[in-house]
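Visitor: A single structure is presented below for examination.
The values are calculated or read from the model by the stated rules, or taken from the named source; none is laboratory data. These numbers come from a predicted model, not from an experiment. Quick reminder, even Gly has a Cβ in these numbers, built from the backbone with ideal geometry, and neighbours come from all protein chains shown.
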Amino acid sequence: MTRISAITPRRGGVDRRQFAAGAAALGLVSRPAIAATKLKIGLILPMSGYLAEIGQDDKRGEVLAGRVLPGMGYEPFEVVVGDTESKPEIARAVAEKLVNDGCHILIGAFDSGQTIAAVQVAEQKGIPFIVHIGAAPQITESGYKWVVRNFPTIPMILDDSFLNQKALFDYTKTAPKTVVLLHTNDTYGTIIAKGTPDLVAKHNMPYKLLDAIAYDPTAKDLSLEVAKAKASGAEALITVSRVNDAMLITREMVKQRWNPMGVMTPGPGWSDRPYLQTMGKMGDDVLSLLPWFDPNKPLSKRLVEEQAKVEPDRQLHVNHVLTFEAIYIAVDALKRAGTTEPNALMKALRETHIVDNSSISPAIAFDAKGQNTGIKNACVQNKGGLLKVVIPRSAADAEPVWPMRPWDKRA
Amino acid sequence: MPATYANILISGALAGLIYGLSALGLSVIFGVVRIVNFAHGEMMVGAMFLTTLMVNALGLDPLLCLPVVAAVLFVFGYLLQRFLIERVAHLPDHMQFLLMAALATTLTAAWLMIFGPETRGVRLSYGYDSYEVGPLILDKTRVFAAAAALVVAGLLFAFFRWSATGKAIRACGDNHTGALVVGLDVRKLYALTFGIGAMCLGAAGAIMVMLIDTQPYLGPQYTLLAFVIVILGGLGSMAGAMLGGLVIGFSEALAGVLFQPSLKSAFSFALLIVILLVRPQGLLGKRA
Amino acid sequence: MIETMLAGAPRRALVALALLLSALVAAPLFVNAYALSVLILALYYAYTGQAWNMMIGFAGLLSLGEAMFVGLGAYASAGLFQKFGVPPVLGLFLSVAVSAAAGAAVGWLAFRFDINGVYFALLTIAFSEFTRILVDNWAYLGGSEGLFLHVSGLAGWDIVNLRGSPVMFYYVLLAMTSGMFLLCRYLLASRLGYYWRAIREDQDAARSLGVDVFACKMAAVTISSGAAGLAGVVYAFYYNNLFPETAFALSHSIDMLLGAVVGGVGTLFGPIFGALLLTPLGEALTAATDGLRLPGVKQFFWGVVVAAIVLARPTGLWPMIAGALGLDKVGLDKVDADEKSGR
């Protein structure tokens, strides 16, 4: 019976769920019959539009999930991808469509605005929503009942990035005395910039923040911004940028012959493949302070191996891992719930406790607000076109190069 | 410090010349065909992808690819006018706008499907070189790029000034009916003009890859930038487009030095609004 | 007033309208949640398309900065709600006022200098971009971090606070769209409406006949942008978050005017028809191209379809359909495609 209702277009949303819950309560539906219901996951990503680069990269985790999870003893599942076209309006419409098409659980959506637009639908319909990437604190602070997030909030990322820096300075016994912050004026960059001065004080950092320079996300030329940063006389650069800006900034630093002790970023861009591929040697030694995976964990090794089979020339990236983990969380919840009935599934999601994970956290688990509070950053360094974890040492697979090599000493 | 900022102003002006060349494409088309090309940026992104592809596959310098890319864009522009835009020439502005916006959507989607979403850049052997002139450091790619932009613009000026076809096109632009009366093949001249305009932004695109990396969604930014420049210089005025580019490149750099860099594009839009209000025909434009 | 509005309207048109309205009123009872969400979006575009149409279709002013008016309205009511707890039912007055003032400011600057046609269009884009960057840098309203609304009660019918189920938003938008339709009908049949059309056809001729062109154009811009501000209220409270990049985006403006152009600029019912046709068409295209698993293919065909409509029916689809059904006898739904507007 559940099979039939799963394919029947839903009307109003409530009836089927009530029916399923009622049926389960009366014991009309036996467990094996429900377990036979294939879990249908709606994966909401910006596959086109200005965020397409990251959306399409995230989707690679879905391919890995399809290849790895069945071997881990999970039932077969189905993933349907919905494209937000990088617009909140479409994100919401696509969430409606996926729920209408019978998805039991939604995953998404990278961009916080689109995530929140899609979450409205999950809340309305009572469908569990797993945020795989999406850092706005509001996602888990707005009292949503159907949301869990396996990604840190921006304050968590930022706070952790300072701990990573301190660990790096301690390990290499070298620290800059001054830094300058150069950041894009988008959602993420602004929050980071606002939080930085307080955290420098809170963590008693060995350096002084000399200046914070904001630039427009659509800037096509960053020579001025880099010159200003250089002119501040800072010993190291902390930056938040998108991948295109990261390339422009690097080129300008080389051209303007500015060799700081290091470039550190608590954001994306500098660890993206186009950056590594286009910048070559000049892209080396940059440090990204980001949520990452622990390359030494067994699951990570398994994912690396599988990724090498799918696309030999593309290294496993945290974008893939987080999408994978979100699907992992979903199928794990189904296994424990034994039903796709939303309330039971959501209850199982809240009780998630996965220790065999890949990201740097002791376990995948959620607090009362649905937030995984244990998820941590790593300090990831670009080395010969590959990304290597250098801090924390417990998750490291390479030694840090710090201070970074001058531009003209990179044979 | 003054030398640093002198550097910045100069590099802003150099970049402005390339923006000017791209805007020239928009201006030539508007000046004659009276169509505002809202797919301007998207067409240029196509040229940038083509150049990147050639540079990375054949190991050529972008400036050597320029003639090929410009030629491809010329053909594209010619055919576009002949088979599509010609049919909306008599329609109201908003219809033309919608057609061009639809074209822009289709082109962007095509770039995404063909080239994928990832940013693509080129590596140049001289990519990090610079000239030292006294206290100034001039970035080599920018100098090359600006020089190329000037050469292309110069050739175009010469064409419109001295060649028979160029004169005929100008006649069309000045007086459509008159051109018909004296027996000019206006349809063909319009198509040629659109082709030349597209060629301009093809050349600009080929040059642009020396400064910026390409991805499918850059289009609207360049369309807006070109609008700002041509209105500043005078919609339809060729010299105005180059001057507008120079002014924008220079003033954005200046705004960045004086205020927060994040406000520099607000500065260009403010400049645009002021110009539209005080001198709607632009710096070098004739009153319509 | 009611007589003026009904005057000249053929009985068939009234019957057809009544039928359509009843169908729309009854729709939530019959369609599933997904279809309802598509209808909500369609009504949103029907409303904003009508507001936009008032400028271009009635007075010949091409605005490409519609997102600015909607965005300002959205920020005004969302800001009041979030910062001072003012319910949107009161906040909407500020929204309408702010958007109307912005429209009036743009209009006043432009018309004093006789800026028309393409130049006016580009001016509206410039203002829209300028506003985007300003709001981006305005930390009080969240700036580029975005403005998030408290979320509570996603089920009920709290009209005062605009907190409720999609069905509520559907009826709110249906009421707005119907109200806007009546307003347009009223204005078109009024003296002002005749002046507008005179200006649209030939501004100089209108002026020489004693029409106060400046005042009429100001009226068009102000009413239209104020109406767009009201749409912003719904936009803010339906999506519950605002970002300058998406709210003030040029693509947002284009989405809003698409339906009106396809339906028929200058017609009364065209914008509604266009939006009710295009929004589901977009969804159908998504469904049709889903199987290809090729991101971008939907937008590719979307562009092709829109271009095809423009080429096939340059006056929009509605005049043809209205003519075929014999729904228009007063000429309000006729446009002259050979005239270039605003020149």
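Visitor: Modelled with pLDDT of 95 or more and facing another protein chain (nearest Cβ under 10 Å): does that describe B:Leu73?
Guide: Working: modelled with pLDDT of 95 or more: yes; facing another protein chain (nearest Cβ under 10 Å): no.
Against the criterion (modelled with pLDDT of 95 or more and facing another protein chain (nearest Cβ under 10 Å)), B:Leu73 does not qualify.
Visitor: Please note which strands (runs of 3 or more DSSP E) are completely contained in region A:34-138 and include at least 2 residues that are within 16 Å of the chain's Cα centre (by Cα). Talk me through it step by step, then tell me what you get.
Guide: Details: elements: A:39-45, A:77-83, A:105-108, A:129-131.
Correct list: A:39-45, A:105-108, A:129-131.
Visitor: Could you please tell me which pairs satisfy a Cβ distance under 7 Å, a separation of 6+ or placement on different chains, a first residue in region A:123-134 that is farther than 14 Å from A:Gly61 by Cβ and assigned by TED's automatic domain parsing to the domain that holds A:Arg350, and a second residue that is of a type in the set (S, T, N, Q) and assigned to a loop (DSSP other than H, G, I, E, B)?
Guide: Hits for this filter: A:Gln124/C:Ser165.
Visitor: Filter region A:139-177 for residues that are more than 21 Å from A:Val240 (Cα to Cα) and of a type in the set (S, T, N, Q); which is nearest to the chain's Cα centre (by Cα)? Outline the logic, then answer.
Guide: Residues of region A:139-177 that are more than 21 Å from A:Val240 (Cα to Cα), as a first pass: A:139-150, A:170-174.
Filter once more, keeping what is of a type in the set (S, T, N, Q): A:140, A:142, A:150, A:172, A:174.
Working: A:Thr140: 15, A:Ser142: 20, A:Asn150: 8, A:Thr172: 28, A:Thr174: 30 Å.
Checked region A:139-177; the qualifying residue nearest to the chain's Cα centre (by Cα) is A:Asn150.
Visitor: On the basis of being modelled with pLDDT under 80, more than 14 Å from chain A (Cβ to nearest Cβ) and in contact with a helix residue (DSSP H, G or I) (Cβ under 9 Å, 6 or more places away or on another chain), does B:Ala241 make the cut?
Guide: Details: modelled with pLDDT under 80: no; more than 14 Å from chain A (Cβ to nearest Cβ): yes; in contact with a helix residue (DSSP H, G or I) (Cβ under 9 Å, 6 or more places away or on another chain): yes.
Considered against the rule, which asks whether it is modelled with pLDDT under 80, more than 14 Å from chain A (Cβ to nearest Cβ) and in contact with a helix residue (DSSP H, G or I) (Cβ under 9 Å, 6 or more places away or on another chain), B:Ala241 comes out as no.
Visitor: So, in region C:109-118, of the ones that are outside any loop (DSSP other than H, G, I, E, B), within 7 Å of another protein chain (Cβ to nearest Cβ) and surrounded by fewer than 21 Cβ atoms within 10 Å (Cβ to Cβ), which residue ends up nearest to the chain's Cα centre (by Cα)?
Guide: At the first step, the residues of region C:109-118 found to be outside any loop (DSSP other than H, G, I, E, B) are C:109-112, C:117-118.
Next, from what is left, pick out any that are within 7 Å of another protein chain (Cβ to nearest Cβ): C:109, C:117-118.
Applying the additional criterion that residues be surrounded by fewer than 21 Cβ atoms within 10 Å (Cβ to Cβ) yields C:109, C:117.
Working: C:Leu109: 23, C:Gly117: 19 Å.
Residue satisfying both the conditions and the ranking: C:Gly117.
Visitor: Further question: From B:Leu124, B:Leu156, grab the single residue that is aliphatic (A, V, I, L, M) and assigned to a loop (DSSP other than H, G, I, E, B). Outline the logic, then answer.
Guide: Working: B:Leu156 fails: assigned to a loop (DSSP other than H, G, I, E, B).
When all the criteria are applied, what remains is B:Leu124.
Visitor: In region C:54-90, how many residues are surrounded by 24 or more Cβ atoms within 10 Å (Cβ to Cβ), over 24 Å from C:Pro314 (Cβ atoms) and among the aromatic types (Phe, Trp, Tyr)?
Guide: Number of matching residues: 2.
Visitor: Hey, another quick one. Go over the candidates B:Val247, B:Val228 one by one and state the one that is within 14 Å of chain A (Cβ to nearest Cβ), touching a Leu at 6+ places or on another chain (Cβ under 8 Å) and in a helix (DSSP H, G or I). Give the steps one after another, and end with the answer.
Guide: Working: B:Val247 fails: within 14 Å of chain A (Cβ to nearest Cβ).
When all the criteria are applied, what remains is B:Val228.
Visitor: Conditions: (1) more than 10 Å from every other protein chain (Cβ to nearest Cβ); (2) within 19 Å of C:Val118 (Cβ to Cβ). B:Leu276 meets all but one. Number of the miss?
Guide: Status for B:Leu276: all satisfied but (1).
Visitor: Quickly run through region C:243-254 and pick out the residues that are buried (at least 24 other Cβ atoms within 10 Å of the Cβ), out of contact with any Lys or Arg (no Cβ under 7 Å at 6 or more places or on another chain) and more than 8 Å from chain A (Cβ to nearest Cβ).
Guide: C:Ala247, C:Ser253
Visitor: If you don't mind, there's one more thing I want to ask. Exactly one of (1) of a type in the set (A, V, I, L, M); (2) buried (at least 23 other Cβ atoms within 10 Å of the Cβ); (3) under 30 Å from B:Tyr128 (Cα atoms) is unmet by A:Ile191. Its number?
Guide: (3)
Visitor: Turning to a different aspect of this structure: Name, by its number, the condition in (1) within 13 Å of chain C (Cβ to nearest Cβ); (2) at pLDDT below 95; (3) buried (at least 20 other Cβ atoms within 10 Å of the Cβ); (4) touching a helix residue (DSSP H, G or I) at 6+ places or on another chain (Cβ under 8 Å) that does not hold for B:Leu107.
Guide: (2)
Visitor: Hey, another quick one. Which is touching a residue at least 60 places away in the same chain (Cβ under 8 Å) and part of a helix (DSSP H, G or I), of C:Val265, C:Val233, C:Val304?
Guide: C:Val233
Visitor: Provide a single number: the residues in region C:280-292 that are modelled with pLDDT of 90 or more and either buried (at least 24 other Cβ atoms within 10 Å of the Cβ) or touching a Phe, Trp or Tyr at 6+ places or on another chain (Cβ under 7 Å) (or both).
Guide: 0
Visitor: Hey, can you tell me all the residues within region A:184-220 that are among the aromatic types (Phe, Trp, Tyr) and touching a Leu at 6+ places or on another chain (Cβ under 8 Å)? Can you show your working first?
Guide: From region A:184-220, those among the aromatic types (Phe, Trp, Tyr) are A:188, A:207, A:215; that's our starting set.
Correct list: A:Tyr215 only.
Visitor: I'd like the residue in region A:108-130 that is more than 19 Å from C:His150 (Cα to Cα) and of a type in the set (A, V, I, L, M, F, W, C) and, out of all such residues, is farthest from the other protein chains (Cβ to nearest Cβ).
Guide: A:Ile130
Visitor: Please go through (1) under 30 Å from B:Thr52 (Cβ atoms); (2) within 14 Å of chain C (Cβ to nearest Cβ) for B:His176 and return the number of the only condition it doesn't satisfy.
Guide: With respect to (1) under 30 Å from B:Thr52 (Cβ atoms); (2) within 14 Å of chain C (Cβ to nearest Cβ), B:His176 is out only on (1).
Visitor: Something else: Would you pick out the residues in region A:221-235 that are under 24 Å from B:Val209 (Cα atoms), at the interface with chain B (Cβ under 8 Å from one of its Cβ atoms) and not in a loop (DSSP other than H, G, I, E, B)?
Guide: Listed by number, the residues that qualify are A:Ser223, A:Leu224, A:Glu225, A:Ala227.
Visitor: Here's something else I'd like to know. Does region B:194-201 contain any residue that is away from every other protein chain (no Cβ under 11 Å), over 30 Å from A:His183 (Cβ atoms), modelled with pLDDT under 85 and out of contact with any Phe, Trp or Tyr (no Cβ under 8 Å at 6 or more places or on another chain)?
Guide: Pass one, region B:194-201, residues away from every other protein chain (no Cβ under 11 Å): B:194-201.
Pick out the ones that are also over 30 Å from A:His183 (Cβ atoms) and you get B:194-201.
So of that shortlist, the ones also modelled with pLDDT under 85 come out as none.
Taking every residue of region B:194-201 in turn, none turns out to be away from every other protein chain (no Cβ under 11 Å), over 30 Å from A:His183 (Cβ atoms), modelled with pLDDT under 85 and out of contact with any Phe, Trp or Tyr (no Cβ under 8 Å at 6 or more places or on another chain).
Visitor: Exactly one of these conditions fails for B:Val45: (1) within 14 Å of chain C (Cβ to nearest Cβ); (2) within 25 Å of B:Ser237 (Cα to Cα); (3) modelled with pLDDT under 95. Give me its number.
Guide: Only one criterion is unmet by B:Val45, namely (3).
Visitor: Is it the case that region A:137-153 has a residue that's surrounded by 23 or more Cβ atoms within 10 Å (Cβ to Cβ), within 13 Å of chain C (Cβ to nearest Cβ), within 23 Å of A:Ala52 (Cα to Cα) and out of contact with any Lys or Arg (no Cβ under 9 Å at 6 or more places or on another chain)?
Guide: no
Visitor: Every residue in region B:124-147 that is β-branched (Val, Ile, Thr) and in contact with a strand residue (DSSP E or B) (Cβ under 6 Å, 6 or more places away or on another chain), please. Full working, then the answer.
Guide: Within region B:124-147, the first condition is being β-branched (Val, Ile, Thr), and the residues that meet it are B:133, B:137, B:141, B:143.
Once the filter is applied, which keeps residues that are β-branched (Val, Ile, Thr) and in contact with a strand residue (DSSP E or B) (Cβ under 6 Å, 6 or more places away or on another chain), region B:124-147 yields only B:Ile137.
Visitor: Within region B:90-102, is there a residue that is away from chain C (no Cβ under 14 Å) and assigned to a helix (DSSP H, G or I)?
Guide: Taking region B:90-102 first, the residues away from chain C (no Cβ under 14 Å) are none.
For region B:90-102, residues away from chain C (no Cβ under 14 Å) and assigned to a helix (DSSP H, G or I): absent.
Visitor: Something else about it: Return yes when A:Asp160 is in contact (Cβ under 8 Å) with a residue 40 or more places away in the chain, charged (D, E, K, R), on the phi < 0 side of the Ramachandran plot and part of a helix (DSSP H, G or I) and no when it is not. Working first, answer last.
Guide: On the way: in contact (Cβ under 8 Å) with a residue 40 or more places away in the chain: yes; charged (D, E, K, R): yes; on the phi < 0 side of the Ramachandran plot: yes; part of a helix (DSSP H, G or I): yes.
Criteria met by A:Asp160.
Visitor: Is it fair to say B:Val151 is crowded, with 20+ Cβ neighbours inside 10 Å and assigned to a helix (DSSP H, G or I)?
Guide: no
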